[in-house]
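Visitor: Got a structure for you, written out below as structure tokens; questions coming shortly.
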Amino acid sequence: LAKAGGRNCARLFDPTDPQSSDESENIAALLKIAVERDLVSLVYQPIQDLGSGRFDAVEALMRLKMLDGILVPPSLFIPVAERTGAILELGRWAIRTVCTDMLAHDHVRLVSVNVSPIQLKTPGFATSVAGILGETGVAGSRLAFEITEGRELEMDSDILRCISDLKLLGIRIWLDDFGTGFAGLSWLRLIDFDTVKIDRSFLHDCGTPKGMAMLQDIIALVRNRGHKILVEGVETDEQMALMREFGIDKVQGYHVGRPVPAASFQTKRPVQKRPFTVLKSA
Ligand code: C2E
Ligand code: MG
Ligand code: MG
Ligand code: MG
């Protein structure tokens, strides 16, 4: 395995490599033991509300390490977990862990959790979420579930019913990576998303007049439909200023803060602005 420079991530497979299916089998095997062997964890990335200026929400992001401690990126293991069904156990584990982490962090008003279409399609999913909320005592209104647009997902009546059951629990439904697939527009007609997250590629392409026009169009489209707007991937002061100018509701990205473990997060101020404090106490 060649390590990808600097990011401590393994380059596990290349889809054009004939050996890649072996690697995918290795990940599948790893996923089977991941929860019991403590190989999965969650990190939390702060989200800033530009209206209030507060950092009172976070997104939970899953991390998987191999037995030697090297991280496998979610872009590799999530598709395998979805294909094998391991996502169901991992997803339940993530929601339960988020809830227990919330109990120790009262100042975090809201945690968003990525949920896979496979979870939404599984009968009893909303009931199992209700069970976790009941056992941990966390209010559903402290959770948002993110559904990614770029996935193949037929928005059938089972999924729509599941989403409305989750809403009855007080859980908000967010649309993730908006603009990366073909389905998002029709989903906006079917589901009343609380917040739409505009994919970071739109921000990163806005250096050209065409890219800027595209970003403004997508913002107008989401806003005119009455959804709150979160822009992902804010990395620079200039991008931050642009977001304020455009009246964006919420921002997320390395400029706001990097994902960190629950034990070290502090959402009242951007995590990334306090690296020395973190280092000193470590
Ligand atoms: P996502 O939900 O769109 O999460 C945002 C991704 O962008 C994260 O990557 C985050 O680390 C990265 N990111 C945040 N700010 C910036 C920035 O300023 N610049 C750049 N270049 N990147 C930024 P990560 O953690 O590798 O996750 C990748 C994807 O894997 C997620 O995309 C999500 O679709 C999926 N994922 C992660 N955790 C879970 C999970 O618990 N369940 C499911 N079903 N999917 C998950
Ligand atoms: Mg997400
Ligand atoms: Mg996503
Ligand atoms: Mg996203």
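The values are calculated or read from the model by the stated rules, or taken from the named source; none is laboratory data. Remember, it's a predicted structure, so these values are computed and weren't measured experimentally. All Cβ positions, even for glycine, are placed from backbone atoms using ideal geometry, and neighbour counts span all protein chains on display. In case anyone asks, the SASA skips ligands and DNA or RNA and just uses the protein heavy atoms, side chains included. Shrake-Rupley method; radii C 1.70, N 1.55, O 1.52, S 1.80 Å.
Visitor: Quick check on my filter: what residues within segment 228-246 are more than 14 Å from Cys206 (Cβ to Cβ), away from ligand 1 (no atom under 11 Å from the Cβ) and in contact (Cβ under 8 Å) with a residue 40 or more places away in the chain?
Guide: Going through segment 228-246, the residues more than 14 Å from Cys206 (Cβ to Cβ) turn out to be 228-230, 237, 244.
Then drop every residue that is not away from ligand 1 (no atom under 11 Å from the Cβ), which leaves 228-229, 237, 244.
Answer for segment 228-246, where residues must be more than 14 Å from Cys206 (Cβ to Cβ), away from ligand 1 (no atom under 11 Å from the Cβ) and in contact (Cβ under 8 Å) with a residue 40 or more places away in the chain: just Arg244.
Visitor: Given the conditions (1) within 27 Å of Asn224 (Cβ to Cβ); (2) surrounded by 14 or more Cβ atoms within 10 Å (Cβ to Cβ); (3) more than 15 Å from ligand 1 (Cβ to nearest atom), and given that Glu154 satisfies all but one, which numbered condition is not satisfied?
Guide: Evaluating Glu154 over (1) within 27 Å of Asn224 (Cβ to Cβ); (2) surrounded by 14 or more Cβ atoms within 10 Å (Cβ to Cβ); (3) more than 15 Å from ligand 1 (Cβ to nearest atom) leaves (2) as the failure.
Visitor: Hey, could you check segment 41-94 for residues that are among the small types (Gly, Ala, Ser) and in a strand (DSSP E or B) and say which is farthest from ligand 3 (Cβ to nearest atom)? Step through it out loud before you land on a result.
Guide: Keep residues of segment 41-94 that are among the small types (Gly, Ala, Ser), which gives 41, 51-53, 57, 60, 69, 75, 81, 85-86, 91, 94.
If we keep only those that are in a strand (DSSP E or B) too, we end up with 41, 57, 60.
Numbers: Ser41: 18, Ala57: 16, Ala60: 12 Å.
This residue is Ser41.
Visitor: State all residues of segment 235-253 that are within 16 Å of ligand 3 (Cβ to nearest atom) and not polar (S, T, N, Q); if no residue qualifies, say none. Before you say what the answer is, go through the steps one by one.
Guide: Start the filter on segment 235-253 by keeping residues that are within 16 Å of ligand 3 (Cβ to nearest atom), which leaves 250, 252-253.
Passing the criteria: Lys250, Gly253.
Visitor: Could you check segment 42-67 and list, in sequence order, the residues that are more than 9 Å from ligand 1 (Cβ to nearest atom), open to solvent by 20 Å² or more (accessible area, probe 1.4 Å) and touching a strand residue (DSSP E or B) at 6+ places or on another chain (Cβ under 9 Å)? Spell out the reasoning first.
Guide: In the first step, residues of segment 42-67 are kept if they are more than 9 Å from ligand 1 (Cβ to nearest atom); the result is 44, 46-58, 64-67.
Still in the running and open to solvent by 20 Å² or more (accessible area, probe 1.4 Å): 49-55, 65-67.
Hits for segment 42-67 are Asp49, Leu50, Gly51, Arg54, Phe55, Lys65, Met66.
Visitor: Looking only at segment 78-108, count every residue that is under 15 Å from the mean Cα position of the chain (by Cα), closer than 23 Å to Gly253 by Cβ and more than 7 Å from ligand 1 (Cβ to nearest atom) and tell me the total.
Guide: Residues meeting the conditions: 1.
Visitor: When you scan segment 127-140, do you find a residue that is polar (S, T, N, Q), open to solvent by 60 Å² or more (accessible area, probe 1.4 Å), more than 16 Å from ligand 1 (Cβ to nearest atom) and modelled with pLDDT of 95 or more, even just one? If you could, list the steps in order and put the result at the bottom.
Guide: Just the residues of segment 127-140 that are polar (S, T, N, Q), to begin with: 127-128, 136.
If we keep only those that are open to solvent by 60 Å² or more (accessible area, probe 1.4 Å) as well, we get 127.
Now narrow it down to the ones that are more than 16 Å from ligand 1 (Cβ to nearest atom): 127.
Checking which are modelled with pLDDT of 95 or more leaves us with 127.
Checked against the condition, which is being polar (S, T, N, Q), open to solvent by 60 Å² or more (accessible area, probe 1.4 Å), more than 16 Å from ligand 1 (Cβ to nearest atom) and modelled with pLDDT of 95 or more, segment 127-140 yields at least one hit.
Visitor: Only one of (1) within 18 Å of Glu82 (Cα to Cα); (2) assigned to a helix (DSSP H, G or I); (3) more than 16 Å from ligand 2 (Cβ to nearest atom); (4) free of Cβ contacts under 8 Å to residues at least 40 places away in the same chain is not met by Ile159, so which one is it?
Guide: (4)
Visitor: May I pose another question? Could you run through segment 229-281 and say how many residues are in a helix (DSSP H, G or I), modelled with pLDDT of 95 or more and closer than 20 Å to Ala144 by Cβ?
Guide: 1
Visitor: Given the condition closer than 25 Å to Thr195 by Cβ, within 14 Å of ligand 2 (Cβ to nearest atom), of a type in the set (Ser, Thr, Tyr) and buried (at least 18 other Cβ atoms within 10 Å of the Cβ), answer yes or no: does some residue in segment 92-113 qualify?
Guide: Yes: one or more hits.
Visitor: In addition: Condition first: open to solvent by less than 40 Å² (accessible area, probe 1.4 Å) and part of a helix (DSSP H, G or I). Now tell me which residues in segment 24-40 satisfy that.
Guide: Answer for segment 24-40, where residues must be open to solvent by less than 40 Å² (accessible area, probe 1.4 Å) and part of a helix (DSSP H, G or I): Ser24, Ile27, Ala28, Leu30, Leu31, Ala34.
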